[in-house]
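Working notes, structure below.
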Amino acid sequence: MPPATPNSAVPDHFLTRLDAELADTDALLADAYPGDDGRRQPVHTVYVPADRFTPDLPQQWGRTALDLVQQHGGIEEVCALAGLSDELAAEVVPRVLAKLESEPIEDLRLDFEDGYGTRDDESEDRDSVAAAEQVVAALRSGQAPTWVGLRFKCFEAGTRRRGIRTLDLFLGALLEGNTVLPDGLVLTFPKVSTVSQVEAMVGVCEQLEQAYGLSSGRLRFEIQVETPQLILGRDGRVPIAEAIHAGRGRVSALHYGTYDYSASLQISAEYQACDHPAADFAKQVMQVAVAGTPVHLSDGSSNLLPVGSPEQVRRAWTVHAALVRRALERGFYQGWDLHPGQLPTRYAATFAFYREGAARAAQRLHDYLTNAETGVLDEPATLRALARYLQRGHDCGAIDEAELIAMTGITADQVATLARPRSDTKGVAPRLSPAPTPT
């Protein structure tokens, strides 16, 4: 005779009432905090003045970067300055060379803001259209980076109308003769200070979608966090957290603006940097604000460029590599690059970060999936973090799929599934069949 089902001390009518009381909370969590949406995130964003972009600019940057490293000891010297062991450098060097040849720039922004400056309206109108035409040419020739877009002027009173007009003309020229916008289009909204400006940008997007026959929600934008007013409002609240949700699903990323933010705090130019305590505070607030949302994070830039004497180049490479590594360790997987010479250290430090920890992460993931007794009890959340780490390494080219399969027994797509399990699995890792053995 089967054992009797034990009675619960909590009656069903109480649970039904509880469900009703928490319905708003359930809806809030599902709507505002749906988790990562699975988009690949670039490891960097490159900014260039909008009127200097040509379709072959990424290839030019790659060649310039390769020429520079050859003049200063090769990629091996870059890896040494980044603190890589000889063994790790041997793995990283061919990957950096391949990256600089095949995909030197992952994400490119044509700048109509600080990098472009203030010009007469006729000139900016002309450049807005011409920049879009160059992007179209790059897309048609297969030379465009995976992500490309523009940074328009901010919504402060003196530049608001100019910024909106530039965005309008750019989109119109992109759509000239095309029915859809490129998948990798990115819009960057700079110097945001208030939630109201984000709400206004949502209205601009809606207006442009209607004008150009785009689907509702097609236009999304990243917010540049460059003002302290967005970190702490005059009422003591945290506007950046509100701004994300005021974007109504359109905010794709938060980018820290190193120098505008530092200058606003009266930090001397000599000490303005991504690793300043003031920068860490702002970025930690940003990090907490995006937790549980699909919004990506990006660190800022280093203005110490690898130019000048050999000593100056090596110093800039050492500083840049250290900043990239520091950001990765703190959960900022993207940053800004301002010069072709920063690409080698970007990729050397990034690839080393993923390769040196890949075997350990893969082993822990494999042990979790196989219920191996290892003395380490990982949580489902840790499993997701391990899978996401491996997925990021694969996305940027640090880890090959064959290596992933050899280390974990599953494919890159299966790793991605583990990184973002469906909400109805309640955090439990899905069962996965082993990947086929590579031939």
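Can you tell me the relative contact order of region 125-226? Whole percent, Cα pairs under 8 Å, sequence separation 6 or more.
Working: 112 pairs, mean separation 29.4, N = 102.
Rounded, it is 29 percent for region 125-226.
Note: relative contact order over the chain, using C-alpha pairs below 8 Å and six or more positions apart, is 17 percent.
Close amide H contacts of H296 (hydrogens built in the peptide plane, cut-off under 5 Å, sequence separation of 5 or more or a different chain): A253, L254. Between the amide H of D337 and those of T45, V46, Y47, distances stay under 5 Å, these residues lying 5 or more places away or on another chain, with hydrogens modeled in the peptide plane. The fraction of accessible area contributed by carbon and sulfur in the chain is 52 percent, rounded to a whole number (1.4 Å probe; ligands and nucleic acids excluded). Annotation: per residue accessible area for the chain equals 49 Å², rounded to a whole number [probe 1.4 Å, protein chains only]. When restricted to Cα atoms, region 80-228 yields an Rg and a Dmax of 18.3, 57 Å, respectively.
Ordered from largest to smallest accessible area (heavy atoms of protein chains, 1.4 Å probe), the residues Y256, Y47 come out as Y47, Y256.
Please state the relative contact order of region 38-144 as a whole percent: Cα pairs under 8 Å, 6+ residues apart? Before the final figure, lay out the partial values.
Working: 91 pairs, mean separation 55.7, N = 107.
Once divided by the residue count of region 38-144, the mean separation gives 52 percent.
Residues whose amide H lies under 5 Å from that of V192, counting only those 5 or more places away or on a different chain, are Q224, E226; hydrogens are built 1.01 Å from N in the peptide plane.
Test of understanding: express the Cα radius of gyration of region 1-145 as a ratio to 2.2 N^0.38 Å, with N the residue count. Can you show the working numbers first?
Values: Rg = 27.6 Å, N = 145, 2.2 N^0.38 = 14.6 Å.
Dividing the Cα radius of gyration by 2.2 N^0.38 Å gives 1.89.
The values are calculated or read from the model by the stated rules, or taken from the named source; none is laboratory data. Everything numeric here is computed off the predicted structure, so don't read it as measured data. What goes into the accessible areas is simple: the full protein's heavy atoms, side chains included, and nothing from ligands, DNA or RNA. Shrake-Rupley method; radii C 1.70, N 1.55, O 1.52, S 1.80 Å.
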